[in-house]
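For reference, the structure discussed in these notes is given below.
The values are calculated or read from the model by the stated rules, or taken from the named source; none is laboratory data. Just so we're clear, the structure is a prediction, and the values are computed from it rather than from any experiment. Here the Cβ is made from the backbone with ideal geometry for all residues, glycine too, and neighbour counts use every protein chain on show.
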Amino acid sequence: MRLERRTHASPVALVVAPVAAVLATLLVSALLVRWAGAPVGRTYAAMLEGGFGSVFAWTETLTRAVPLILTGLAATVAFKARLFNIGAEGQLYGGAMAAVAVGGVQGGAELWGPVWLVFALMLAAAALAGAVLLLGPAWMKARLGVDEVVTTLLMNFIVLLGVSALLDGPMKDPTALGWPQSVPLAGELELSRPVQGARLHTGLFIAAALALALWQVFRRSVLGFDIRATGANARAAAFAGVPALRTAMVVAAISGALAGLAGAIEVAGRTGYVTMDMSPGYGYSGIVIAMLAGLHPLGVLGASVFVAGVLVGADTMSRVVGVPTYIADVIVATSLIAVLVATLLTQYRVRWARSTR
Amino acid sequence: MGDILDIVASLPFWVAVLRIATPLVFGTLGVLLCERAGVLNLGIEGIMVAGAFCGWLAVYAGWGLWAGVAVAAFTGAAFGLLHAGLTVGLALSQHVSGLGITMLATALSYYGYRVGFPKVSTPPTITPFAEMSHLGIPVLSQQTPLTLLALALVPLLAWGLNRTPAGLAVRMVGENPQAAEGQGVSVAVTRTVAIVVGSALMGVAGSFLTLAAFNAFFFNMVNGRGWVCVALVVFASWRPGKALLGAVLFGVFDALQLRLQQAGSGALPYQVYLMLPYALSIVALVVVARRATYPQALMKPYRKGER
């Protein structure tokens, strides 16, 4: 068996590939649902209903999509430049902590400045915290040749332990009855909720605006060109005069900042304070979303809604038919692998015969 | 300082070090084998979860302990075959495929556990491997047979890689696949076998957690040990002997932080001690990075006839 690059993608393959990927994913998870002893049709119906079946379901799905869009964009910009940032989870918590450090108030005290200023500084601090957490590994990669995959992965554990220490100590909410939870964000800083009775917050617009902005950066700016060139062939890009170190550092700053913002917006839009379970692995899911989106910022929007819908739908489904919610993680992981394979097959064709050359 | 010396001089300390190091030895050797053949395997974290779960499940279902280890190895091999299909057969990104395998293996294990045990408040237990007290060698006689197996694998893998034709083939496809192909070595077959065997070792690494270190399966029990193994391979500059050294060193720091945490009694938050092994892993990477001689073809997918 060998792979042969297609000279141009066949239009049939472009349509068939994503459909086949979705069908393969549904088939695998159907087998697992059968194994759990639940009716497949009703399980899928319950998931669809729970994720997209009503206005409320849509608001829940979109709420869940907000952090996923931001971590998805963080992975997109980094992976496009071949900076493998697997540390978005830690950067998200770093950003959330920074947001509370700037805008948190103990026991209903007054905010220290005008709301707009504190809000802007809160977002800036979160972006900075996320960026700093990635700039270290990116610098170590560029200057010392230390593989960033391992360092960013290990940083996640260090950051999460650091956050845990802060929640036990200096940043602990003394009124939380011993529960490890940070001081709450000032009420004025919380994002407004446009839909009556739903948790959906205006962070969705911030995330979508950032996706549009990143798309334009990729398409129109010199930086976007440098990022794409570095990702396509780092040596050729450097030879052509692309500033390698600077591009790597800027990419790291943007990627880390986006992940940090994901944390701040989760706090300001949904939780109101930091806990150790505020992110069920949004940082890692961001990588899946970036790949599902083919590293396209606008694709990230769609992929985030899909993943969020699966996660939210699984919660509802689990209450109705009793299949464990972990089926959602199986579906997301399987769809990642299926889409990767499908995308490859639109670019290559498989030759089973022995090679003739 | 005297405290640390007292701790390090005590026998129970070294018993703990070896116990912590054992799964890391299995895992590190597994990653090492994959990477010497030129393929990064970030699936390790999830494969360890799957190995821990399936090995434990087999024993819980009434099979023997060694059968459980075999099931774990087989589970790891199955995920390794998937990783090989994606990264060797289809030449997909090794980073992304590995992370996908980790997510899939973890999700499948947790799903399987919840399907099998929907409403358990305390995790069901098994009788784990016993210590080899009949051995009569201090430190080693307080370990399980799996530790002995791990220690035996180190020279075995070193010999296999450096002294056998199969080992030469593995190193060739990891350094220069074009040349290997020219010599009649199949890059696809060699890499696939290396990944499958390496992943089987990762499965065994996971089974140590449920069949020897603890007696039950918990969520998050692997807790980054797989990633530590990936770091240790760089630290070991892809040599089995140094991998053992790295795993033991990590064990020393991990055992030390536990004891310092108890002795320190609240001078520092306990999380600072827990950070220590991860932070030192990064420091170790920085220290060796300049001298690191990566397998030349690592992370470079090979497509026959394409340069």
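Within region B:69-90, the residues that satisfy the criterion of being at pLDDT below 95 and more than 10 Å from every other protein chain (Cβ to nearest Cβ) are B:Thr87, B:Val88.
Within region A:165-185, restricting attention to residues that are surrounded by fewer than 23 Cβ atoms within 10 Å (Cβ to Cβ) and among the hydrophobic types (A, V, I, L, M, F, W, C), the residue that is nearest to the other protein chains (Cβ to nearest Cβ) is A:Ala165.
If the condition is being more than 7 Å from chain A (Cβ to nearest Cβ), in a loop (DSSP other than H, G, I, E, B) and within 28 Å of A:Gly286 (Cβ to Cβ), then region B:91-123 contributes only B:Ser93.
Applying the condition of being farther than 17 Å from A:Ser182 by Cβ and β-branched (Val, Ile, Thr) to region A:116-164 and asking which residue is surrounded by the most Cβ atoms within 10 Å (Cβ to Cβ) yields A:Thr152. Just one of the numbered conditions (1) among the β-branched types (Val, Ile, Thr); (2) under 30 Å from A:Val341 (Cβ atoms); (3) modelled with pLDDT under 90 is not true of B:Thr102: (3). If we keep just the residues of region B:124-147 that are without any contact (Cβ under 8 Å) to a residue 60 or more places away in the chain and either touching a helix residue (DSSP H, G or I) at 6+ places or on another chain (Cβ under 7 Å) or assigned to a helix (DSSP H, G or I) (or both), which is farthest from B:Val252 (Cα to Cα)? The extreme case among them is B:His134.
Quick grid of which residues meet (1) within 10 Å of chain B (Cβ to nearest Cβ); (2) crowded, with 24+ Cβ neighbours inside 10 Å; (3) within 19 Å of A:Leu204 (Cα to Cα):
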{"residue": "A:Leu261", "(1), (2), (3)": "no, yes, yes"}
{"residue": "A:Ile289", "(1), (2), (3)": "no, yes, yes"}
{"residue": "A:Gly294", "(1), (2), (3)": "no, no, no"}
{"residue": "A:Pro297", "(1), (2), (3)": "no, yes, yes"}
{"residue": "A:Ala314", "(1), (2), (3)": "no, yes, no"}
{"residue": "A:Ala342", "(1), (2), (3)": "no, no, no"}
{"residue": "A:Tyr348", "(1), (2), (3)": "yes, no, no"}
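Those helices (runs of 4 or more DSSP H) of region A:1-82 in which 2 or more residues are in contact with a Gly (Cβ under 8 Å, 6 or more places away or on another chain) and within 14 Å of chain B (Cβ to nearest Cβ) occupy A:55-80. Checking the stated criteria, B:Ile47 turns out not to satisfy the condition of being part of a helix (DSSP H, G or I), surrounded by fewer than 24 Cβ atoms within 10 Å (Cβ to Cβ), under 13 Å from the mean Cα position of the chain (by Cα) and aliphatic (A, V, I, L, M). On inspection, A:Val146 passes the criterion of being within 14 Å of chain B (Cβ to nearest Cβ) and assigned to a loop (DSSP other than H, G, I, E, B).
Residue check: B:His134 meets all listed conditions (1) of a type outside the set (Val, Ile, Thr); (2) under 30 Å from B:Val15 (Cβ atoms); (3) touching a Phe, Trp or Tyr at 6+ places or on another chain (Cβ under 8 Å) but one, namely (3). Within region B:64-80, not a single residue is free of Cβ contacts under 8 Å to residues at least 60 places away in the same chain, closer than 20 Å to B:Asn220 by Cα and either buried (at least 21 other Cβ atoms within 10 Å of the Cβ) or in contact with an Asp or Glu (Cβ under 9 Å, 6 or more places away or on another chain) (or both). Among the residues making up region B:96-150, those that are more than 23 Å from B:Leu244 (Cβ to Cβ) and of a type in the set (Phe, Trp, Tyr) are B:Tyr110, B:Tyr111, B:Tyr113, B:Phe117.
Counting only helices (runs of 4 or more DSSP H) that sit wholly inside region B:214-307, those with at least 1 residues that are touching a Lys or Arg at 6+ places or on another chain (Cβ under 8 Å) and either within 13 Å of another protein chain (Cβ to nearest Cβ) or aliphatic (A, V, I, L, M) (or both) are B:225-235.
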